[in-house]
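To keep things clear, I will list the structure first and then write my remarks on it.
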Amino acid sequence: FFFFNDTATTEIYTEQIVGSVRCVQETGIVEGAKDGRGRGRQVIAVARTCNLILIVLDASKPMIHKKLIEKELEGFGIRLNKQPPNISIKRKDKGGITVASTSELTQIDDETIKSILHEYRIINCDITFKCDGTVDDLIDVIEGNRKYIPCLYVLNKIDAITIEELDILDRIPHYVPISAKDEWNLDDLLDKMWEYLDLLRIYTKPKGQIPDYNAPIILPAKRNTVEDFCLRIHKSLAQSFKQAIVWGTSVKHNPQKVGKDHKLQDEDVVQIIKK
């Protein structure tokens, strides 16, 4: 994951490995960073490679830095806490532009859609909206280089504000209040980070031994089969795979024998049996 800090430094970023997660701390962002000011392009380019962005803000100050950072990231093609628009464009050799939608479009009309496509020199295509898309959504799909990254807003220094002010800040979506000085709420921050990273911890169990709970295999939640687990360890393990024995919430019986296509869940224990 990746986080911005409003403390200026001459380094572009610092890096640290925490457990199985690579942490990158960025320098402060200045207005105009997306256009290259203050080595901004180098700074923001690092963020595009990350699975999670943390924006660290001072809870005792106005939230102007929040909007500034969001604007700079947006201008560099990073979309925070958004899903890619469900819009498909199929180019063709002739026939003009055909617009179709599976739901009512309330924020854009056919004329605007065709006008935008013409600006990008797309004159023959079938375009289908499977969402109530906007002009910005359509441009993002045409550009094709946007990065959709989850983000947490970490509001530090809550020890310096009142309970009433904290209640107001509680209205901000995707936020976690902390006090780094007093080490308040750091466990909640770690839990939120794990949730937003959408990762699974899978523990290995060698035959005849107890599970290794100190070094879990980390899998993305969307690639969570036993085969994915084997490939994460080594591709040869997938080739020699016979079956797996699984303990955990992904099986009805503990233990249970499963095949390569079985989908694992967080904190399952897996023993691989080779051919």
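The values are calculated or read from the model by the stated rules, or taken from the named source; none is laboratory data. Computed from a prediction, not measured in an experiment: that's the story for all the values here. All Cβ positions, even for glycine, are placed from backbone atoms using ideal geometry, and neighbour counts span all protein chains on display. For accessibility, only protein heavy atoms count, side chains too; no ligands or nucleic acids. Shrake-Rupley method; radii C 1.70, N 1.55, O 1.52, S 1.80 Å.
Which of the GluC sites (Glu not before Pro) found in region 119-227 are loop residues per DSSP with 16 or fewer other Cβ atoms within 10 Å of their Cβ?
Answer by residue number: GLU183.
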Too long for a 31 Å Cα-Cα cut-off, among LYS67/LYS130; LYS147/LYS242; LYS71/LYS157, are LYS147/LYS242
Quick one: ranking ASP198, ASP170, ASP261 by accessible area, 1.4 Å probe, largest first, what do you get?
-> ASP261, ASP170, ASP198
Largest-first ranking of MET63, MET193 by accessible area, probe 1.4 Å, whole protein assembly kept, is MET63, MET193
Alpha-carbon Rg with Dmax, taken over the chain, Å | 23.4, 68
Rounded, prolate or oblate: which fits region 41-129, taking a ≥ b ≥ c as square roots of the Cα gyration tensor eigenvalues, rounded meaning a/c under 1.5, else prolate when a/b beats b/c?
-> prolate
Ignoring everything but the protein chains, give the 1.4 Å probe accessible area of PHE76 in square angstrom, nearest 10.
-> 40 Å²
Please report how far the C-alpha centroid of region 181-234 lies from that of region 96-117, rounded to the nearest whole angstrom.
-> 43 Å
Could you order LEU186, LEU231, LEU80 so the one with the most accessible surface comes first? Probe is 1.4 Å.
-> LEU231, LEU186, LEU80
Please turn the phi angles of region 206-216 into ³J(HN,Hα) values with the Karplus equation 6.51 cos²θ - 1.76 cosθ + 1.60 (θ = phi - 60°), one per residue in order, whole Hz, x for glycine and proline.
-> x, 4, x, 10, 7, x, 8, 8, 8, 9, x
So how exposed is ILE139, as accessible area in Å² (1.4 Å probe, rounded to 10)?
-> 50 Å²
Interchain or sequence-distant (5+) residues whose placed amide H lies within less than 5 Å of the amide H of CYS125 are LYS92, GLY96, ILE97, THR98
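Taking only DSSP H segments of four or more residues, each worth -39500 (n - 2.57), what value at 222 nm results for the chain once the sum is divided by all its residues, to the nearest 500 deg cm²/dmol? Spell out each step's value before the answer.
Working: 8 runs with 71 residues, N = 275.
Using -39500 (n - 2.57) per qualifying helix, the result is -7000 deg cm²/dmol.
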Counting pairs of alpha carbon atoms under 8 Å apart in space and at least six apart in sequence, what relative contact order in percent does the chain give?
-> 13 percent
Using only Cα atoms, locate the centre of region 69-86 and the centre of region 122-143, then give the distance between them in Å, rounded to an integer.
-> 16 Å
Over what distance in Å are the Cα centres of region 252-274 and region 43-65 separated?
-> 38 Å
Rounded to the nearest 0.05, FRET efficiency between LYS71 and LYS207 (Cβ-Cβ, R0 35 Å) equals 0.05
With the dipole of region 117-275 defined by +1 on each Lys or Arg Cβ and -1 on each Asp or Glu Cβ, the option from PRO206, THR162, LEU190 whose Cα lies farthest towards the positive pole is PRO206
May I ask you to list the trypsin sites (Lys or Arg not before Pro) in region 184-243 that are in a DSSP loop and have at most 16 other Cβ atoms within 10 Å of their Cβ?
-> LYS207, LYS222, ARG223
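Let me check I've understood the local charge: for THR102, count other residues with C-beta under 13 angstrom from its C-beta, Lys and Arg +1, Asp and Glu -1. What total comes out?
-1
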Can you give the accessible area of TYR120, probe radius 1.4 Å, in Å² rounded to 10?
-> 80 Å²
To the nearest 20 debye, what charge dipole does region 58-142 have about its Cα centre, counting +1 at the Cβ of each Lys and Arg and -1 at the Cβ of each Asp and Glu?
-> 280 debye
Once ASN254 and LEU237 are pulled to full extension, the length gained, defined as 0.36 nm per residue separation minus their Cα-Cα distance, is 3.8 nm
Taking a ≥ b ≥ c as the square roots of the Cα gyration tensor eigenvalues, with a/c under 1.5 meaning rounded and otherwise prolate when a/b beats b/c or oblate if not, region 149-250 comes out prolate
